[in-house]
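Asks: What follows is a structure written as C-alpha cells; I'll ask about it next.
What follows draws every value from the coordinates through simple rules; no lab data is involved. Keep in mind the model is a prediction, meaning the values are calculated, not measured. Note that each Cβ is placed from the backbone with ideal geometry, even for glycine, and that neighbours are counted across all protein chains shown.
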Amino acid sequence: MASGIENGQIVQRLILGLALSTLAGGIAFQLGLLDGSGWLGAVLVGTAVFGFGGWPWAVMLMAFFVSASALTRYGSRRKAEAALGFAKGGRRDLGQALANGGIGAMLAILWGFFPHPVFWWMFAGSLAAVTADTWATEVGLLSERPPWDLWRGRRVPPGTSGAITREGTIAGGLGALGIGLLAVGLSPVGGSLGMALPVGLAGFLGMLLDSLLGATVQRIYWCDRCGKETERSIHHCGQPARPLRGWKGLNNDGVNALAALAGALSMGLWMIVRG
C-alpha cells in the first residue's frame, strides 16, 4: 500500500474530496450543467480522483469539466437543432460523468495504492481523449459546412454520430494538447515539456476512435416520421425510432468510455516503449 493510506492521508482527502465535489456538483446543477444523476456522478468521480490522487488530479479533472461545459454553452442556440439527434442534452447525467471520468477515477485509485508514474500519464491520456472529443463535437456543431463521414466518404447532416469537421478536429487536437501541457505543469512525478506531445497524441487518437466507433458500431436509430438518424430510441418528436445500425447496448456513453480507455492505454504503451 502507498504510505498515504498507511498514515491516513487518503482517508482525510476522501472526506475533503466528498465535500468539495458535492459543493462543485451542486453549483454545476444550479447552473444547469448537470442533472441530478450527473451531480451524483460528479461526486463519485470527484471524490475518488481527489481522495486517491490529490490536488493535481482534481485540477486536471476540473479543467476538462469547466472547458467542456463552457464550450457546450457557447453558441448553444446555433447548435440546438443539430444536437436534437444526440442521446443526451446539455445537462450531463450520471452516464456521461462516469463515461468521461470513470477511467480517470480508476487510475486515481490505482495511484493511491501503487503510486507509479504510469498511472499519472495514463490519467492524462484519458482526460486528453474526452477533452478532444468534447471540444471537437461542440466546435464542429458550429461549422458552416456539413461534417464529413470518414467511414462512408460523404457529407452528412450536422449532428450525425461519428462525422467530423475540420474546425472540430483542430479544436479537439488543441484541447488534447492543452491537457498535455497542464499534465506536465501539474505533474507529481516530474517529466519534461516534451511529454505534452504524447499526451496530446493519445487524446487525438482517442478522439478519432470515438468518431470511428460512432460511425460504425454505436447503436443508431431511424425516425420514420422525421426521416432522420438519431441516437435516441424515442426521437425528440415522440416517435419510437427503429434500430438502423450498430451494436445493441453500445450507446454514446459507451463509446466515450472506450475513447477514454484508448487514450489511457496509448499513454501506458508509450511509457512502456520509452522505458
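Asks: In the range 128-176, what GluC sites (Glu not before Pro) fall in a loop by DSSP, with at most 11 other Cβ atoms inside 10 Å?
Replies: Answer in residue order: Glu144.
Asks: Between Gly102, Gly162, Val45, whose Cα lies farthest towards the positive end of the dipole of the range 33-170 when Lys and Arg beta carbons carry +1 and Asp and Glu beta carbons carry -1, centred on the Cα centre?
Replies: The residue sitting most towards the positive pole is Gly162.
Asks: Sort Val189, Val118 by Cβ crowding within 10 Å, fewest neighbours at the top.
Replies: Working: Val189 15, Val118 18.
Listed from fewest to most nearby Cβ atoms, that is Val189, Val118.
Asks: Another question about this same structure. Report relative contact order for the chain in percent, whole number only (criteria: Cα-Cα under 8 Å, sequence separation at least 6). Kindly include the intermediate steps, with their values, before the conclusion.
Replies: Details: 517 pairs, mean separation 54.6, N = 275.
Value for the chain: 20 percent.
Asks: Work out from phi, with θ = phi - 60° and the Karplus expression 6.51 cos²θ - 1.76 cosθ + 1.60, the ³J(HN,Hα) of each residue of the range 16-24, listed in order in whole Hz, and give x for Gly and Pro.
Replies: Whole-Hz 3J(HN,Hα) from phi for the range 16-24: 5, x, 4, 5, 5, 5, 5, 5, 5.
Asks: If we sort 206-219, 96-109, 145-158, 30-43 on the protection proxy, mean other Cβ atoms within 10 Å, highest first, what's the order?
Replies: Working: 206-219: 22.7, 96-109: 24.4, 145-158: 14.7, 30-43: 19.0.
Going from most to least packed, we get 96-109, 206-219, 30-43, 145-158.
Asks: For the range 23-155, what class follows from the C-alpha gyration tensor (a ≥ b ≥ c being the square roots of its eigenvalues): rounded when a/c is under 1.5, otherwise prolate if a/b is larger than b/c, else oblate? Working shown, then result.
Replies: Numbers: a/c = 2.55, a/b = 1.55, b/c = 1.65.
Since a/c reaches 1.5 but b/c is at least a/b, the shape of the range 23-155 is classed as oblate.
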